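**Student:** Structure below; questions to follow.
Derivation of every value follows stated rules applied to the coordinates shown; laboratory data play no part. Predicted model, so just to flag it, every value in this text is computed and none were measured. Reconstructed Cβ throughout: ideal geometry from the backbone, glycine too, with neighbour counts over all protein chains shown.
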Amino acid sequence: MNPLARKTFNAGFTNAKYQQFLTKLNDGLHQPVQFRIAETPVLLTAEFRDRLIAAGNDIVNAIIRPDFKKLTERAIPDKWRVANENDHPHFIALDFGVCKDDAGNIVPKLIEMQGFPSLYGFQVLLGDVYKDVFDIDDNETIFFNGLDKSAYLGLLKKTIIGNHQPDEVVLMDVNAPEQKTAVDFYLTQRYLGIPVISLSDLIQEGRQLFYMANKEKKTIKRIYNRLIFDEIDNDLEIFDKVVDIRKPLDVEWITHPNWFYRVSKFTMPFLSGDYIPKTQFLHQIDYLPADLENYVLKPLFSFAGQGVIIDVTIDDIRSIKDPENWILQQKVNYHPVVQSPNGGVKAEIRLLYLWPNGDEKPTLAINLARLSRGKMIGVRYNKDFDWVGGTIAFMPR
């Protein structure tokens, strides 16, 4: 972390300025942000930025392997397999914990990964407001690969809209206006001009899909998919009431729902390197490690940290009925690298890639960060703490 930038930021920080920041952030939004935003951005050194980039490159190289689909075929639950899968994910998100290695170096360690969009719209606004209110130096940026705001939004448009008209592309979630991430949906609408709809708004005629806008039926050529099947897993009869999007339809997916499963915890046992914690499928382990306290047990098919067992015991492992659907992963010990007025705070940084059709490989574009004082990153582990929540990392250009 950048000690000089941190010292400057903390010296100028006041709670009044933080409230000003939140007011400006929420000004003009469809509704106020529904999750906690941290008091501070993460301020990276060029050295740590380069380590993040190198770590991400190693993982991306595994995803673009010719046999990646074959390796990950079992990752997709049969009940959620969707027809007409394309050949690559349009979005890749890689979550790294900020840790300290045995030599005392601050290093990234992979926590999670997903072939699914994240807050690609909201992070732009968040970076702008942090910069304006807290006077972040002009030499610091939230973007990678030489992108600025204009070039980034151009790449986002190329990825999501492509050669179509904005009204032919819809951003869709189960019940879009009610999602905690709806702020991102409506900012994406503002930036790109695409409509935001819910699953129930889809109209099917043969293999074609439509939606209604100003009492006019509009053709859907692309779906910018924000729907995660885990959210409707308890309502298996939902497709008796709405369009069954798993069926063959004349529509492009950005990104196809199958990639949510292919690029996920399922991928991690196939990765190796300095920035990858040792990860194994539970059913493939011949001998359990003697130091189980240094491992976590994770279900492959869960969302937002649900079902993770942090303090693993032999009894926990013996109780698993489907070991092929679990991984045992070496614990990643976050180091409290962000200095707040009340001590160190742990950080996680998500690298966000865009991969439009026609590009040879994904482009690292922007980032998301989260701060935590709890046992894990996430809202439920950080109630009643300050200097925690969603944020973004600035780094030298």
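**Student:** Using Cβ contacts closer than 10 Å as the measure, can you line up 58, 311 from fewest to most?
**Tutor:** 311, 58
**Student:** About the Cα centre of the range 100-172, what is the dipole size in debye to 20, counting +1 per Lys and Arg Cβ and -1 per Asp and Glu Cβ, all else neutral?
**Tutor:** Taking the Cα centre of the range 100-172 as origin, the dipole is about 280 debye.
**Student:** How far apart, in nm, are the 7 Å Cα→Cβ label points at residue 291 and residue 310?
**Tutor:** Taking the simple label geometry, residue 291 and residue 310 are separated by 1.9 nm.
**Student:** Suppose every K and R has +1 on its Cβ and every D and E has -1 on its Cβ; what is the size of the dipole of the range 278-397 about the Cα centre, in Debye to the nearest 20?
**Tutor:** 420
**Student:** May I pose another question? Give me the Kirkwood hydrodynamic radius of the range 78-122, using the inverse of the mean 1/r over all pairs of distinct Cα atoms, in Å to one decimal.
**Tutor:** Across the range 78-122, the inverse of the average 1/r is 13.6 Å.
**Student:** Given C-alpha coordinates of the range 52-116, what is the ratio Rg to Rh with the Kirkwood estimate of Rh?
**Tutor:** With Rg and the Kirkwood Rh in hand, the quotient comes to 1.07.
**Student:** Do any trypsin sites (Lys or Arg not before Pro) in the range 108-169 lie in a DSSP loop with no more than 15 other beta carbon atoms within 10 Å, and if so, which?
**Tutor:** none
**Student:** Could you tell me which residue out of 72, 154, 105 lies farthest along the dipole of the range 69-160 toward its positive end? Charges go on the beta carbon: Lys and Arg +1, Asp and Glu -1, centred on the Cα centre.
**Tutor:** With unit charges placed on the Cβ atoms, the residue in question is 72.
**Student:** Treating only the Cβ of Lys, Arg, Asp and Glu as charged (+1, +1, -1, -1), what charge dipole size does the chain show about its Cα centre? Round to the nearest 20 debye.
**Tutor:** Here the size comes out at about 340 debye.
**Student:** Expressed as cubic angstrom per residue, what is the convex hull volume of the alpha carbon set of the chain?
**Tutor:** 148
**Student:** Run the numbers on the range 271-397 and let me know its relative contact order in percent, using alpha-carbon pairs under 8 Å that are six or more apart.
**Tutor:** Dividing the mean separation by the residue count of the range 271-397 yields 18 percent.
**Student:** What relative contact order, as a whole-number percentage, does the chain give when Cα pairs under 8 Å and 6 or more residues apart are counted?
**Tutor:** 26
**Student:** Sticking with this one: Find which of 194, 251, 57 sits farthest along the positive direction of the dipole of the chain, computed with +1 on the beta-carbon of Lys and Arg, -1 on that of Asp and Glu, about the Cα centre.
**Tutor:** 194
**Student:** Oh, and also: Viscosity 1.567 mPa s, temperature 4 °C: what is the translational diffusion coefficient of the range 303-348 from Stokes-Einstein with a Kirkwood Rh over Cα pairs, rounded to a whole number of µm²/s?
**Tutor:** Rounded to a whole number, D works out at 96 µm²/s.
**Student:** Still on this structure, I have one more. Starting from the eigenvalues of the Cα gyration tensor, five times each then square-rooted, give me the equivalent ellipsoid semi-axes of the range 134-285, largest first, whole Å.
**Tutor:** Equivalent ellipsoid of the range 134-285: 30, 26, 14 Å, largest first.
**Student:** State the volume of the convex hull built on the alpha-carbon positions of the range 223-344, expressed per residue in Å³ and rounded to an integer.
**Tutor:** Roughly 197 Å³ of hull volume per residue.
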